[in-house]
Structures are given as C-alpha cells and as structure tokens.
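Please treat every number below as a calculation from the coordinates, not as lab data. Predicted, not measured: the structure shown is a model, and the values here were computed from it. In this analysis, Cβ positions are derived from the backbone assuming ideal geometry, glycine residues included, and neighbour counts consider all displayed protein chains.
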Amino acid sequence: MREIVMDTETTGFDPKTGDRMVEIGCVELMNHMPTGRTYHQYINPKRDMPEGAFKVHGLSEDFLRDYPVFEEVADAFLDFIGDAKLVIHNANFDVPFLNAELGWCNRPQILMDQAIDTLIIARKKYPGAGNSLDALCRRFGIDNSHRELHGALLDSEILAEVYLELIGGRQPGLVLGGIRSTDDTTEVEDTWRPRPRATPLPSRLTAGEAVVHREFIEELGENALWKRA
C-alpha cells in the first residue's frame, strides 16, 4: 500500500482571494514504512508575500522569484503522487489549494476521498486535546526542536511519524507481502508466500526422551488420545 504524506505552504488562507501555493513537500510510505523517496518544490507565486505568511514559513518574494511557477512543476508533482492516498494534516486546507493551482493550469483535480486527514483522526482519538502538529509531537515524544519555521518537507517528515503513531505505533502492521527494492523504486510483491525450508531443522528430541515419551503414552491406556492421533 503506497501513501504520500504531504504538506504545503502558501501566501495566505484562501486561493479564491488570490493566495497561492509557494512550497510542496511529500514523503513516500510503502506499507506504512518510509521508502526514502521524497518530493520537494519551491514555487514562484507571482505575487507579493504578506508579512503574516512570511512569519510562518520565512519564504520571501525575493527568495521565490527564481523558482518555477506551479504550472511548470504540476506534471512532476502529479506523477509523484499518482493514485496513492494523501496523508495531510487538515486536508480541508491543502486540497482546495492544490485543486485551485491544478485548475488554473488545466490539470486533473484531487478528490477529497483520496486524502487521509490526520487532524480528523487526532480529534476523534483525543477529543478536546490540542491536535496541532506541534501538540501531537509533544504527545508522542517526537523531536521537532529543529522546526523553528514551517517548511513543507520538514513538516511532511514530522507528520509521517505522527501518522504512524496515530494508527497504532511506529512498527508496521502484519502485511502478507514482501518488499523488493531497486535503485529507484520500491515494489510490493503481492504473490509472496512463506516457503518450506530446503533442509528441515533437526529434531530437538533426543533418543532417550523419545523412549521416555513412548513409555508415558503406554501408561495412559488403550483409549489415550495420543494413540488415536
């Protein structure tokens, strides 16, 4: 099962009022295990950077000026996420921004049911508690001391740890499948099955123990279950 943990940074809160996306960060999980594959892109919003947004992520208009606009990276982004589930903290914010950017360059939209919202999971699991990313890091003992400002890739890496805790801990669940890695891909082998050993392990029962066991069975009488087996 392939999942993409992702985060975005923007110029504000609403693409309908002219706000744009300025950064995307993604981390790939396979069967709830990080594969090491990531996607990260700064984006030129072609507009000014409000002071409030700059204080959140530290990305200035001057810094972003030489990066590509979203339309130039849209296909690479869509290729990376594919049809994987998108793990997002507050999908109701990120997905509309993504779809606004995708719509402006005539690319396919992302359906809300493709998203796994960790904010909703956290609110159901810990009602009434703080469920921001920082609060969840404190709850699970995840080190986020290096997170002085918001950053899409860093936040995606932290969210991946939080997500694994929310669904039951950092150890992956039992999966009846193997994982095969090549230089640049990780694939799940759905046909994997356990195979018998080529050479069976030797018996741990000694000859003396076997004799004692047979004598014990004889003492149980003719109707003993051991004799029917």
(request) Could you list, in sequence order, all residues of the range 85-125 that are of a type in the set (D, E, K, R) and more than 21 Å from Val73 (Cβ to Cβ)? (result) Lys85, Asp113, Asp117, Arg123, Lys124, Lys125
(message) Against the definition (over 27 Å from the mean Cα position of the chain (by Cα), surrounded by fewer than 18 Cβ atoms within 10 Å (Cβ to Cβ) and not in a strand (DSSP E or B)), how does Asp75 come out, yes or no?
(response) no
(message) Test of understanding: among Val5, Val56, Val73, which residue is touching a helix residue (DSSP H, G or I) at 6+ places or on another chain (Cβ under 6 Å), under 19 Å from Gly151 (Cα atoms) and of a type in the set (A, V, I, L, M, F, W, C)?
(response) Val5
(request) Among the residues of the range 119-148, count how many are touching a residue at least 40 places away in the same chain (Cβ under 8 Å) and either in a loop (DSSP other than H, G, I, E, B) or under 28 Å from Phe54 (Cα atoms) (or both). (result) 2
(request) Would you check if there is a residue in the range 76-85 being of a type in the set (Asp, Glu) and free of Cβ contacts under 8 Å to residues at least 60 places away in the same chain? (result) yes
(message) Could you list, ordered by first residue, the pairs with Cβ atoms under 8 Å in which the first is in the range 35-60 and on the phi > 0 side of the Ramachandran plot and the second is in a strand (DSSP E or B), at least 6 apart or interchain?
(response) Gly36/Glu28
(message) I need the full set of residues from the range 87-118 which are free of Cβ contacts under 8 Å to residues at least 40 places away in the same chain, assigned to a helix (DSSP H, G or I) and crowded, with 18+ Cβ neighbours inside 10 Å, in order please.
(response) Ala91, Val95, Leu102
